[in-house]
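The values are calculated or read from the model by the stated rules, or taken from the named source; none is laboratory data. All values derive from a computational prediction rather than experimental measurement. So basically every Cβ, Gly included, is an ideal-geometry build from the backbone, and we count neighbours across all protein chains shown.
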Amino acid sequence: MLHAPNAFQRATLPPATRESEPRHQAAVTTDDGLAPASGPARTVAAKGRDAYFDNAKYLAIVLVAVAHSWVPVMEGSRAARALYMVTYTFHMPAFIIISGYFSRSFDMSPAKVKRLVTGVVVPYLVFETAFTLFRRYAGGAPDTAFSLTEPWYVTWFLIALFVWRLTTPLWRSLRHPLAVSLVIAALASVTPGIGGDLDLPRVLNFLPFFVLGLQLKPEHFQLVRRREVRLLALPLFAGALALAYWAAPRMKLGWFLRNDAAQDMGAPWWSGVVMTLVLFGCATLLTAGFLAWVPRRRTWFTVLGAGSICGYLLHGFMVKGAEFSGVLDHAWLISPTGLVLVTVVASAGVTLMCTPPVQRALRCVTEPDMNWAFRRDSAKLSERDTAKLSERDSAKL
């Protein structure tokens, strides 16, 4: 996804505009901006969702699934490789920035820690186990080892979100958090010995986007939604595509995946620092351009944004299943027509995975009720905090 779409806190935050507020959506925006909430929180804050962010989450998840589906069929096509490079530059950063924005209230209180466990840790354990079994029996790799410290494919994002969320109080207290996170990312890009445990290279390389999201305020999203920014986004993406087309045969895709140090890709160490800063700048600009064109009003796919975590996790089975079965091995798919077909199928597939019936079916995994595992006072505190946050945000509308 980007390797990429329950992070997972259920407290609402103030929407960017009153006009974009959906009034009948039975879910509450979560701190990571990915998944719906359940129970009392959903009833209390149903009117607090912002259609803009739900639209953004759905569109970002579609881009993640589409880009993943392009990998097996884009070889030999310079144009497809260029599209892949542009999409990979910003689709996960956009998702992570939104996650950071909705993580601003995390403070290590018992209620927040409980939601972190039920919304991030539990889905990670379940889906990492499921993917391991999937690789063993569907992927023809019976020797696949079971390891909770080596996330596979899309589950890296859950581990990353867990680490980022735990460090949120630190970033909120630093004087220059974004600069510090960029230094950490740059150092990670020139340190080959980090290893693959917890997919730490990605966790550190994508960290600045999460920290950037923590620093954002509603007025920043209002700014990118201005008409002038939308108009500027058009030449921005046109220029990005032209640059990517030129760089496609010259640039390694590992830079966009952010899971290898510069030396691992045969590049001089200093190029890791340069690429960290360049890609951060490019990703931030393209994310702003993407967010500028996200619809503000409620659309037919607004409700799907609440199921983005389902689409993110389930599309891994769809893409890898197609690879394992050999469906994507047909030579004719490596053509403009084949690429369009793969794009349409991937978009339709991930859309179905975000629908309310799928959300309800996976609720026991993406947002399980685990009051039995926590002290009773923590559970009561969780409900009390949710009600207070909902009242506070409603007062700001």
Legend entry - Residues (surrounded by 15 or more Cβ atoms within 10 Å (Cβ to Cβ) and touching a helix residue (DSSP H, G or I) at 6+ places or on another chain (Cβ under 6 Å)) located in the stretch 242-263: 244, 245, 248, 254, 255, 256, 258, 259, 260, 261, 262, 263
Legend entry - Contacts under 9 angstrom Cβ, first residue in the stretch 70-92 being within 22 Å of residue 287 (Cα to Cα), partner acidic (Asp, Glu), 6 or more apart: 71/323; 81/75
Inset, instruction - For the stretch 108-119, indicate whether the set of residues that are outside any helix (DSSP H, G or I) and modelled with pLDDT under 95 is non-empty. - result: yes
Inset, instruction - Quick one: in the stretch 264-293, of everything that is farther than 30 Å from residue 222 by Cβ and of a type in the set (Val, Ile, Thr), which residue is surrounded by the most Cβ atoms within 10 Å (Cβ to Cβ)? - result: 273
Legend entry - Test: residue in the stretch 327-347 that is at pLDDT below 95 and among the aromatic types (Phe, Trp, Tyr): yes
Inset, instruction - Pairs only if they're at least six apart or on different chains, beta carbon under 7 angstrom, first in the stretch 165-176 and over 16 Å from residue 209 (Cβ atoms) and surrounded by 11 or more Cβ atoms within 10 Å (Cβ to Cβ), second at pLDDT below 95 and among the charged types (D, E, K, R); list them, first residue then second. - result: 169/107
Inset, instruction - Working only within the stretch 46-59, note down all residues that are among the aliphatic types (A, V, I, L, M), at pLDDT 95 or above and buried (at least 24 other Cβ atoms within 10 Å of the Cβ). - result: 56
Legend entry - Some residue of the stretch 75-96 being outside any helix (DSSP H, G or I) and either at pLDDT 90 or above or among the aliphatic types (A, V, I, L, M) (or both): no
Inset, instruction - Kindly indicate whether any position in the stretch 129-150 is touching a helix residue (DSSP H, G or I) at 6+ places or on another chain (Cβ under 7 Å) and among the basic types (Lys, Arg). - result: no
Legend entry - residue 213 vs. criteria buried (at least 22 other Cβ atoms within 10 Å of the Cβ), out of contact with any Cys (no Cβ under 8 Å at 6 or more places or on another chain) and within 28 Å of residue 102 (Cα to Cα): yes
Legend entry - Matching helices (runs of 4 or more DSSP H) fully within the stretch 295-381 where at least 1 residues are loosely packed, with under 15 Cβ neighbours inside 10 Å, more than 24 Å from the chain's Cα centre (by Cα) and β-branched (Val, Ile, Thr): 336-353
